[in-house]
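Inspection log for the structure reproduced underneath, given as structure tokens.
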Amino acid sequence: MSRGKFLETLAGTRFPTPPIWLMRQAGRYLPEYRAVRATTKSFLEFCYTPEKAVEVTLQPIRRFGLDAAIIFSDILVVPDALGQKVWFAEGEGPKLEPLTDPAQFGQLSRARLTDRLAPVYAAISAARQALPADTALLGFAGAPFTLACYMIEGGGSRDFAKVKLWAYRHPDSFALLVDLLVEAIVDHLANQVEAGADAVQLFDSWAGILPEEQLFGWSLEPMVRIAHGLRARHPKVPIIAFPRAVGPAALMYRRPDSFAALSIDTGIGAHWAAKELQPTICLQGNLDPIMLVAGGPALEREATRILDKLGHGSFVFNLGHGVIPQTPPEHVAQLVEIVRNWKPSA
Ligand code: CP3
């Protein structure tokens, strides 16, 4: 039991109730987060200040006693560390100086990555020391396709036409970018594990915009290469894959040789997931983040429905995507109560 419920669950142990943590559990919905956030103008500088990153990593653990903490950082620290210009415009989300020509790939280099991201690793070491022994600490990275989306679009996008056109028209040059990202992400994840992360999650937030054929080559295959690259350096570290909005193509990601768990979004039915995915792989998910805003009996009903479907198998309770800023913190406390008091029906 010393490794805690979250890591034991990923290793195959069953408990009467599943462990719980929430994507984006540190964030603007918490007044104590906003207070620390207000002390630094630039979001990246905030991420690169270990004392502040540690403080906001611990806030949701202190308040809610969740089973895992996730280090406070962002997926876009990797393009930043590769040498691309990244900034966060107030109220507009992330911005990057977009890659428009394969010749620019040559300017990106992973030689500086470990130095540039040293503050993230310092934060992980300090957070691991500060956390209770049975609370797991997660490291993370964006998967290559999602990072390529931001790097080529220069930020979020309505249709991601630029990145898709590049991948469809010039697959060879797109593959060079993906290869560079695979190597950079393995470095970043290995560094996080060496600093003290107990497990890691790979966020492929935009996987769902790809047709199935392309999904295999540009989302799953690079994620599997990352898993094998990381395992070569750290054979035991559990890796959670989150290919968001891929629908039934989630079946392709049942790869227990690569991933310890598969994180499912709200679009995947819990009943289908229990039947088709869970017998092969531990699942994580998949409450609608808006249910957490709703709270009350609606939250109780929906969380219990998910528990009744998935709580009998290998399962980590989470959301289908991140906590949103409008979420009342009391509803998170309510959800933790519901999960911890759940009684399996049979
Ligand atoms: O608590 C945690 O989950 C850890 C911290 C974390 C952040 N971003 C902090 C953050 C994690 C795991 C991420 C991952 C991330 N970042 C993803 C993958 C997960 C997903 O949501 O699909 C993506 C796509 C990003 C890129 C990103 N960073 C966006 C689109 C935004 C703007 C959206 C927003 O809410 O403003 C960010 C900024 C960001 N990253 C914030 C936080 C708490 C908000 C900025 C602020 O507080 O000023």
| said: I'd like to know how the range 1-72 sits against the 2.2 N^0.38 Å rule of thumb: what's its Cα Rg over that expected value? | reply: 1.29
| said: I need the semi-axes of the equivalent ellipsoid of the range 107-229: take the C-alpha gyration tensor, multiply each eigenvalue by 5, square-root it, list largest first in whole angstrom. | reply: 29, 15, 13
| note | For the range 200-346, the convex hull over Cα atoms projects on average to an area in nm² of 9.2 nm²
| task | Principal axes first, then extents: for the Cα atoms of the range 1-148, list largest minus smallest coordinate on each axis, whole Å, largest first. | result | 54, 35, 25
| message | Whole angstrom only: what separates the Cα centroid of the range 55-131 from the Cα centroid of the range 137-163? | response | 13 Å
| note | With a 1.4 angstrom probe the carbon and sulfur portion of accessible area for the range 5-341, in percent, totals 53 percent
| query | In terms of the ratio Rg/(2.2 N^0.38 Å) built on C-alpha atoms, what value belongs to the chain? | reply | 0.94
| In the range 5-341, what is the count of Lys pairs whose alpha carbons are under 19 Å apart, counting only pairs at least 8 residues apart or on separate chains? | 9
| request: Determine the calculated [θ] at 222 nm for the chain from helices alone, applying -39500 (n - 2.57) to every DSSP H run no shorter than 4 residues and normalising by the residue count; nearest 500 deg cm²/dmol. | output: -13500 deg cm²/dmol
| said: At a 10 angstrom cut-off on C-beta neighbours, averaged per residue, how do the peptides 111-121, 175-185 rank from highest to lowest? | reply: 175-185, 111-121
| request: Averaging sequence separations of C-alpha pairs under 8 Å and six or more residues apart, then dividing by the length of the chain, give the relative contact order as a whole percent. | output: 21 percent
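The values are calculated or read from the model by the stated rules, or taken from the named source; none is laboratory data. In this text the structure is predicted, and so the values were computed from the model without any measurement. No Cβ is skipped: glycine too gets one built from the backbone with ideal geometry, and neighbour counts run over all protein chains shown. With ligands, DNA and RNA removed, areas are computed over all heavy atoms of the protein, side chains included. Shrake-Rupley method; radii C 1.70, N 1.55, O 1.52, S 1.80 Å.
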